[in-house]
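Working notes, structure below.
Please treat every number below as a calculation from the coordinates, not as lab data. Predicted model only: the values in this text are computed from it and were never measured. Positions of Cβ are generated from backbone atoms using ideal geometry, with glycine treated the same way; all protein chains shown enter the neighbour counts.
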Amino acid sequence: MSQVDLDRVVHEPARLGILVALANVKEADFSFLVRTLGMTRGNFAAHAGRLEQEGLVDSEKSFVDGQPRTLYRLTAAGRRRLREYRRDMQAVLAAIPKRP
Amino acid sequence: MRNGAFGKDIGRALYGDGLTELWAAALFLAMAAVWDVGGALVPALAVIAVFGWPVLDRVRRRIVEPRIGHATPADEEPKALGSGMAITTVAVIGGALFVAWWVGDLGLVRVWVAGIAGALVAAGTWYLAGRSNLTRHRILSMASIMWGFAVSVTWGDRGYDSLPIFFVGLAAAFAVTGAVALIAFLRANPRVDA
C-alpha cells in the first residue's frame, strides 16, 4: 500500500482548526480565534506564526479604540492548500472500510 | 473544539448577540409608523435602514468585541443573494396574485397582504438562520409566517391597513428575542480586557 501523503503543515489539528475557522469568515482577530478554537494564547500564536511563515495566513496589526488588534485572513495559497488537503483527506477517508 | 460543530460555532459567535434582531425590530417598528402616520416618517425609516447597520457595528465594537473578539462574516455571492431574493419575492407575490386570480377575486391580495409580508420576512429570516445556525432565527421565521397568517385572518378586512399591526407584532417578537439573546450573551461572555 502506498504511504498516505497529507500536507503536514495543514494536517496538524491546531493549525487545521485555525485554517478552517478562517475559511468560514472573511477575517477574524486574535481574541475571536483563541476563544472559538479553545486554544491558549501562546499555543495559538505559535501555530498562527507557522501558518504565516508558510504563507497560508496573513495578519495585520492595528489599534482600535486604543486597543491593539491583530486581524488574521486566509491567503489565496491558504485556500488552495486547504482545498488540496480536503481532496487528499477525502481520498483517505474513502479508503477506510465502513466496518474496519 | 468539537469536530463538525465548527461552522455552527462560528455562526453562533457572529450572530449570537441578538443585536441583529434588535435592529430588525427597530426597522419593523419604523415601517409600521410610516404606514400609520404617513410620509412624514419616511426619512426616519430611511435613516434606520441606511445608518442603522453602521450604528450596530459601533455598538458591536463597544460591547461585543471586548467579550468575544472581532470577526467579519464571509462575503456573500452578491449575484446569488440578489437572484435568491428576487426569486423568493417574485414567487411569493406572484403565487399570491395567481391564487387570487384563480379564485377570481384579486381583492384577496388586500386581505392576505399581511400573510404575504409574513412569508417574505420568514424567507429572509430562514436565510439568516442558514448563516447563523441559531434555532431562535428558525423559530422567528416560523413565527413570522404564522403571525402574518393570523393578522390576515383576524384583521384582513382592513386590507393594507392590517400591515402596521403585522409589523408592530413582528417588531415586538424580534425585540423580545433580541433583548433576551443580548442579556444571555452578556451574562455568558464577561468582558475581557487584553
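Some points to look at:
- Placing pseudo-labels 7 Å out from each Cα toward the beta carbon at B:Met146 and B:Ala86 gives an inter-label distance of 3.5 nm.
- Note on A:Ser62 and A:Asp5: the extension gain reaches 16.7 nm, defined as 0.36 nm multiplied by sequence separation minus the Cα-Cα distance.
- Here's the picture: charge each Lys and Arg Cβ at +1 and each Asp and Glu Cβ at -1 in segment B:74-194, and of B:Ala188, B:Ala123, B:Tyr160 the one pushed furthest to the positive end of that dipole is B:Ala188.
- Farthest toward the positive end of the dipole of segment A:5-100, out of A:Gly78, A:Ile18, A:Pro97, is the Cα of A:Pro97, where the dipole comes from beta carbon charges about the Cα centre.
- Modelled FRET efficiency - R0 35 Å, A:Val92 with B:Ala74, Cβ distances, 0.05 increments: 0.85
- Cα-derived Rg to Rh of chain B, Kirkwood definition: 1.01
- Only Cα sites of the protein assembly as shown enter the Debye sum here, all with the same form factor; the resulting log10 I(q)/I(0) across q = 0.09, 0.10, 0.14 1/Å is -0.59, -0.70, -1.08, listed in q order.
- Between A:Arg79 and B:Ala172, the FRET efficiency from the beta-carbon distance, with R0 = 51 Å, is close to 0.75.
- Calculated P(r) tail over 21 Å for chain A, as whole % of Cα pairs: 38
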